[in-house]
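The values are calculated or read from the model by the stated rules, or taken from the named source; none is laboratory data. Note that this is a predicted model, so its numbers are computed, not measured. We place every Cβ from the backbone using ideal geometry, glycine too, and count neighbours over all the protein chains shown.
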Amino acid sequence: MVSHELLIAFIVFAAAMLYTPGPNNVMLMASGLNYGFRRSLPHVAGVTIGFSFLVCVIGLGLGAVFAAYPVLHTILKYAGTAYLIYLAVIIAMSGSADSAGGESGRPMTFLGAAAFQWVNVKGWVIAVGTITAYAAIASYPWNILTLSALLLAVGLTSSVTWVLFGSSLQSLVRSPRAVRIFNVTMALLLLASLYPVLMEP
């Protein structure tokens, strides 16, 4: 039986976490501007399904492995930081698809976006917070499946919103110079999202 009080509290928590700026949302907005909504859909699917799957796997036992071996958290932290720096460089150097249908880059694939969830430190914080704070939402394993399904739904709406926001800027950000400025700004925001992670003990 699902606790309706916890259900409402979790939906509010999920919306607050998934709609606020973070690595996924910054990259989705940049993808929307540079490649448009349709070409960014694999990226959207990779983020939403990949993150939901991550939460499910942590809830079904992987979290215990990280609790037993804290060094894995440190490895994940620095691997994720290195990958985010790499992605920031890629975003800063990318340009938009041209009007003739060519492209100076390509959007993130489904598998790339899904794999990114495993090194996205903000995603791990949300995932662990979800499992530890809201596990009482239902009996095991239905609690994990319920939380994962809710994150899939909320995450999908969040990802689509950020891509639409980026693609809506295409009419405003037209010149190559404006696109470059936007991409560099997104790259800097992506790097800024690392600050809380690196300040952790």
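Odds and ends about this structure:
- Restricting the first member to region 40-56 and to residues that are farther than 12 Å from L147 by Cβ, and the second to residues that are part of a loop (DSSP other than H, G, I, E, B), the beta-carbon pairs closer than 6 Å and six or more apart or on different chains are S40/P107; P42/T109; H43/P107; H43/M108; G50/Q117.
- Some residue of region 82-90 being at pLDDT below 80 and more than 24 Å from L18 (Cβ to Cβ): no
- Exclusive hit being surrounded by fewer than 16 Cβ atoms within 10 Å (Cβ to Cβ), assigned to a helix (DSSP H, G or I) and either of a type in the set (F, W, Y) or modelled with pLDDT of 90 or more (or both), set G112, G50: G112
- The number of residues in region 115-144 being surrounded by 15 or more Cβ atoms within 10 Å (Cβ to Cβ) and either farther than 26 Å from R38 by Cβ or among the polar types (S, T, N, Q) (or both) comes to 19.
- Residue among R174, R180 that is charged (D, E, K, R), in a loop (DSSP other than H, G, I, E, B) and surrounded by fewer than 20 Cβ atoms within 10 Å (Cβ to Cβ): R174
- Test result for S99, hydroxyl-bearing (S, T, Y), modelled with pLDDT under 75, under 30 Å from I181 (Cα atoms) and out of contact with any helix residue (DSSP H, G or I) (no Cβ under 9 Å at 6 or more places or on another chain): yes
- Meets criteria (at pLDDT 85 or above, crowded, with 16+ Cβ neighbours inside 10 Å, over 15 Å from L156 (Cα atoms) and in contact with a Gly (Cβ under 9 Å, 6 or more places away or on another chain)) for P42: no
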